[in-house]
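Please treat every number below as a calculation from the coordinates, not as lab data. All values derive from a computational prediction rather than experimental measurement. Because the Cβ atoms are built from the backbone with ideal geometry, glycine has one as well, and the counts that use them run over all protein chains shown.
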Amino acid sequence: MTNIITLLAQTKTEATIEILLLLLVAGIIGYITAWLYYKSVYTKKIQSLETENEHLKMELEEIKALHAKALAEIDDLKSKNKKSVILLHEKDDALSDLALRKQKINYKSFGTATELEMDDLRMISGIGPFIEERLHDIDIYTFKQISKFTKEDIVIINDAIEYFAGRIERDEWVEQAKELVLDAEKRDALFKRISERKSSIYYNRIGTAKLEEADDLTAISGIGGWISKKLNMLDIYTYRQISNFNDEDIQSVTDAIEYFPGRIERDEWIDQAKELLRVEGKKTALLKSISDNKSRIYFDRLGIAHKHHANNLTLIKGISSWIEERLNMLEIFTFEQISKLEQKDIETITEILEIAKDRIKNDKWISQAKEFAKK
C-alpha cells in the first residue's frame, strides 16, 4: 500500500512539474509572440512618426525660409518707402522753388496759354515727357509760345526748368516750333519741297521702305515727332534705313529736311538705329537692361543725385543726348558724379553702355566735368 501511495505521489509531482513547465513554455511563447506582434505594429507607427517628423522639420525649414524672405521684403519695402518719402519731399521743394522761379518769367514776351490749348510738345526734338512736365509746371503749353522765345526768355526758362539748362538753344526748340505753327498752306509747301528732294537720296544704299513698315523713329534720341514726319516725306521710315547712312546720306538728308547741320552726327542717329535693330526696336527693354546694371556703379564714391537735379551732360564733348539718356538710366545725372570717375568706374560704364573702350578717356569726360562742376 505504501508503495502505491509513494508512486502516486511521485507521479503527481512529475505531472505538476510538467504542467508548470508547459505553462512556463506557453507563457514564454505567448510573451515572445506578443512582443513580436507589438514590435511589428509599433515599428510601423514609429517609422510613420519618424517620417512625419522629417516632414515637419522640412515644413519648419520652409516656414523659416519664408519668414526670412518676408523680413527681407519688409526691409526692402521700408527702404523703398523711405526713398519715396525723400523723393516726394525733394519734389515738393523743387516745385515750391519752381513757383518762385515762375514769378521771374515775362509771359508778355511770348504769351500765355492754358491746359485746354495744349500742344504735344514732344513733337519738338529734345523735349521728352519729363521736360514737357516741367514746361507745363511754368504754364508753357503751346508751340506758339516756344516759337516766340527771345534770348532773354531762354535764359530765364533754362533756369526755371533746371533739368536741361542750355538745351533750348542746343536742340533749336524755337526753330522747330516756328515750323510747327506754320499755317496749312506754308506747311504743305514745306512738305512739297522735302518730297521733291527724294531724288537726292541714295535708296540703293540705305534701302527702301513703306509706311506700313514704319518704325517709331522718335525712339531715337534727337528725333521728335516733327523730324519724324519730315523724314517720312523722304520715304525714310525705318531704323534699318538710318543705320545704313554714310556721310553723303547724312548731308543729303540734312539738306532735304532743312535740318540743323551736324545734328544727325551729334545725336548719333546711326549708332542708335543699329542698337534698336539689335534689340528689335524695343528701346524700353534696352534701357531697362542698362538700369538693371546700376547696382554695379559705386555711388559711395560718385555720390547720389536725382533726376530733377540733373545737369545738361551733353555740354560735355563726347556725350550725346543718347549717351546722356543711358547715363541717366544708371542714375548718373551730374557733372560732379562724372568728375569723380575712377578707372574701375570707367571700365564698368563703358561695358554697360557698350561704348568704345577709350571713349571716356579720349573725349576727356572727367576734366570737362570738373570744369562744369566748378561753374
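Name the most mobile residue of 71, 315, 56, meaning the one with the largest mean-square fluctuation, in a Gaussian network model of the chain with Cα contacts below 10 Å.
56
Please identify, among 144, 78, 344, the residue showing maximal mean-square fluctuation in a Gaussian network model of the chain using a 10 angstrom Cα cutoff.
Checking each option, the largest mean-square fluctuation is seen for 78.
Return the tail of the calculated pair distribution for region 231-335, meaning the percent of Cα-Cα pairs more than 18 Å apart.
On the way: 3149 of 5460 pairs.
The calculated P(r) of region 231-335 puts 58 percent of pairs beyond 18 Å.
Which entry in (i) 85, 27, 21; (ii) 71, 29, 17; (iii) 29, 23, 23 is this structure's computed semi-axes √(5λ) of the Cα gyration tensor in Å?
Read-out from the structure maps to (i).
Ratio of region 296-356's C-alpha Rg to 2.2 N^0.38 Å, to two decimals? Please report the intermediate quantities before stating the final value.
Values: Rg = 10.6 Å, N = 61, 2.2 N^0.38 = 10.5 Å.
Normalised by 2.2 N^0.38 Å, the Cα Rg of region 296-356 equals 1.01.
Mind checking the full-extension length gain between residue 47 and residue 59? Use 0.36 nm per residue of separation minus the Cα-Cα distance, one decimal, nm. Mind dumping the intermediate values first?
Numbers: separation 12, 0.36 × 12 = 4.32 nm, distance 1.82 nm.
That works out to 2.5 nm of additional length.
Who wins for biggest fluctuation among 352, 264, 28 in a Gaussian network model of the chain, springs between alpha carbons below 10 Å?
28
At 222 nm, what value in deg cm²/dmol follows for the chain if DSSP H runs of at least 4 each add -39500 (n - 2.57) and the sum is divided by all its residues, to the nearest 500?
Working: 21 runs with 249 residues, N = 375.
Counting only the DSSP helices, I get -20500 deg cm²/dmol.
May I ask you to derive the FRET efficiency for residue 247 and residue 137 from their Cβ-Cβ distance with R0 = 30 Å, giving the value to the nearest 0.05? Write down the numbers at each step before the final one.
On the way: r = 41 Å, r/R0 = 1.37.
Between residue 247 and residue 137 the formula returns 0.15.
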